[in-house]
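To start, the structure itself, in structure tokens.
Just so it is clear, none of the values below were taken in a lab; they were calculated from the coordinates. Nothing here was measured: the structure is a model prediction, and the numbers come from that model. Cβ coordinates were reconstructed from backbone atoms using ideal geometry, including for glycine residues, and neighbour counts include every protein chain displayed.
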Amino acid sequence: MKVNELARTVGVEPHVVRYYTRIGLLKPSRDPANNYKRFGHADAERLRFIRRARRLGLNLHDVEHLLWRTDRCCEGLQQRLIERLDENRRHIAELRAQQRRMEGVLRRWRACDGCPGGCGVTCPHVRAALDAEE
């Protein structure tokens, strides 16, 4: 299969196949007649694995580690999922705090008499909104 055929088979965009090839996650052979990259069924399975791992929340470094390390890969996957869960929890907490700050700014903004003019960096509403971030 060529790049476009592999992409169509797996249901990704061709640039994804090219990128994963460029960073070494896919290792196609070369067609001796024209030097085109050629992918086989094993490459399609590998690409499906990569896509499933990404949907699970693993980053490409994690995926690379799992693809090339055959010893204790289950243990490695379990540890990486634990780490990703911790990261997700921290990120969710940060997003909730940001959501509360944004809602507070909007509540204060709606309670005022409208725009006092001087919009931009001198606007008290804009300054209050940005100060809420600190």
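A compact table of results
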| read-out | value |
| --- | --- |
| Global form of the chain, assessed from the alpha-carbon gyration tensor, a/c cut-off 1.5 | prolate |
| Region 1-99: relative contact order as a whole-number percent, Cα under 8 Å and 6+ apart | 19 |
| For region 17-37 and region 38-56, distance of Cα centres in Å | 14 |
| Computed helical MRE - 222 nm, the chain, DSSP H runs ≥ 4 contributing -39500 (n - 2.57), nearest 500 | -21500 deg cm²/dmol |
| Stretchable slack from Glu64 to Ile82, in nm (0.36 nm times residue separation minus alpha-carbon distance) | 4.7 nm |
| Packing-based ranking, highest mean first, of 44-52, 27-35 given that Cβ atoms within 10 Å are counted | 44-52, 27-35 |
